[in-house]
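The structure appears below as structure tokens.
The values are calculated or read from the model by the stated rules, or taken from the named source; none is laboratory data. None of the values given here were measured: they were computed from a predicted structure. We place every Cβ from the backbone using ideal geometry, glycine too, and count neighbours over all the protein chains shown. Protein only, heavy atoms only, side chains kept; ligands, DNA and RNA dropped before computing areas. Shrake-Rupley method; radii C 1.70, N 1.55, O 1.52, S 1.80 Å.
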Amino acid sequence: MQPVFDLTGERKKDFAAGLLAWFERAMRPLPWRETYDPYSVWISEIMLQQTQMERGVAYFNAWMRLFPDIPSVADAPEEAVIKAWEGLGYYSRARNLHKAAKIIIQEHGGAFPRDVGAIRALPGIGEYTAGAIASIAYNEPVPAVDANVMRIFSRICDIDVPLTHAGVKEFVTSAVRSLMPEDSPRLFTQALMELGALVCAQKPDCPACPLA
């Protein structure tokens with residue numbers, strides 16, 4: 001697998017600059033983007049698994065009215081947490097949120113952990129979600145590679161094997177890491193997410209692509 005663009009030098013800067021300029025124009029006004037509070041970012045990432053954005057935003061706003069912070073989740077009965085999740089499905093997500101909130105209180109003094117390894121150790125958080133939270137909430141240069149990002153780079157890099165093929169995810173993760181600007185990992189991660197959602201979707205809008 002060889003990229004069809006240069007991952008070094010000025011082309012690397014052009015890639016990031018073009019993507020970030022587009023994101024500044026196209027970014028959706030999502031509630032967790034108002035402060036990038038780690039708790040809000042965490043809840044949004046878990047909610048948006050298997051959930052459409054519009055529906056996720058409505059549930060997120062309702063959730064925050066009920067549970068404005070980590071202690072309020074940890075102190076709530078599991079039944080109340082499940083009730084707030086009702087309609088989203090995949091209820092293990094809500095149960096893991098409840099378990100993780102208790103762990104954060106007990107082991108991290110109530111503060112959402114910053115270290116990506118500690119984030120990854122929480123119930124219900126996988127590699128992608130840990131990277132997304134570290135990058136978006138804490139502006140850490142950690143790649144967050146999901147199906148959308150895999151699709152983007154499969155097209156950019158002209159990957160001609162199935163995305164489940166051994167080595168593909170490692171290749172894409174390495175490419176994302178090499179392109180991520182040191183001063184704005186948070187924006188770069190979100191820009192890739194937004195590109196996958198709005199432009200480089202299953203049916204791509206190639207004329208609108210800022211990377212064209």
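When the residues of the range 97-136 are filtered to those that are open to solvent by 10 Å² or more (accessible area, probe 1.4 Å) and small (Gly, Ala, Ser), which remaining residue is farthest from LEU48 (Cα to Cα)? My answer is GLY109.
Just so you know, in the range 170-203 the residues that are among the hydroxyl-bearing types (Ser, Thr, Tyr) and open to solvent by less than 20 Å² (accessible area, probe 1.4 Å) include one that is nearest to the chain's Cα centre (by Cα), and it is THR189. For the range 146-169, filtering for residues that are touching a Phe, Trp or Tyr at 6+ places or on another chain (Cβ under 8 Å) and open to solvent by 10 Å² or more (accessible area, probe 1.4 Å) leaves 3.
No other residue among TRP42, TRP32, TRP22 is over 29 Å from ILE119 (Cα atoms) and at pLDDT 95 or above apart from TRP22.
In the range 126-139, the count of residues that are in contact with a Pro (Cβ under 6 Å, 6 or more places away or on another chain) and among the β-branched types (Val, Ile, Thr) is zero.
I'd like to check something: does the range 60-79 contain any residue that is surrounded by 14 or more Cβ atoms within 10 Å (Cβ to Cβ), closer than 25 Å to VAL199 by Cβ and touching a residue at least 24 places away in the same chain (Cβ under 8 Å)? Yes - at least one qualifying residue is present in the range 60-79.
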